[in-house]
């Protein structure tokens, strides 16, 4: 029904082959997009490099979203090599372990600020840098979770953080809509990713989600990628500002 031939996508947040960002990158590539991938640091580089080769990533650069110089270098390279961006995928989240495993009311100011900066404001920073390269419109996506709107046991501080991320999606969508730039949050159910495994009792959360979901199946990174590829297409041009559940119905029961 749709294809992305000739489009340019930058995907931020791939850590390994279980990453949601990797599911998105692979799906975008399969539909014809040229994909730029970033890696966090030298430790992560060998894992992500193998994936970049699989999709013939034309741009492969380091990016710690806290490093403004790395961010500038990435977007300068995209401007030089491509001259445009059609799709931005941001799949980055972090909270210090002590704050993540503690009560929300006990969260340190430093930990809260760091979680908000990396998980929320970095998305806004990436949109700000991508906007000049989306002169003909584009699509910006990030990743959220049901814990943004409901209390999920052990999700803790990431609940308020994801709530802020979802609010940011709505405001950015309203501001950028007149330019033809859509903004979305993909909201899969519990997934077996390295980042999610940092949550306490994560296996129990996975089992409960599979039992509770109407389909009795966990979402996969392939499910998320397929949805992301559709949102990146021209067929989805009039869809924006949404929080999109991709969870086998987990969020409705």
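Before moving on, here are some points about what is shown:
- Approximating the spin labels as points 7 Å out from Cα along Cα→Cβ, the residue 234-to-residue 207 distance works out to 5.0 nm.
- Inter-part distance where segment 152-189 and segment 81-109 are each reduced to a Cα centre, Å: 12 Å
- Cα gyration tensor, segment 8-252 - rounded (a/c under 1.5), prolate or oblate: rounded
- Packing-based exposure ordering (other Cβ within 10 Å, fewest first) of 224, 143: 224, 143
- Each peptide in 116-129, 19-32 was scored by the mean count of other Cβ atoms within 10 Å over its residues; highest first, the order is 19-32, 116-129.
- Measuring nothing but how far apart in sequence close Cα pairs (under 8 Å, 6+ apart) lie, relative to its length, segment 8-252 scores a relative contact order of 21 percent.
- Residue 253 paired with residue 73, simple spin-label distance in nm, labels 7 Å along Cα-to-beta-carbon: 4.9 nm
- Highest to lowest packing among 68-77, 83-92, scored as the average C-beta count within 10 Å: 83-92, 68-77
We did not get these values from a lab; they are worked out from the coordinates using the rules stated. Values in this document were obtained by computation on a predicted structure and should not be read as measured data. In this analysis, Cβ positions are derived from the backbone assuming ideal geometry, glycine residues included, and neighbour counts consider all displayed protein chains.
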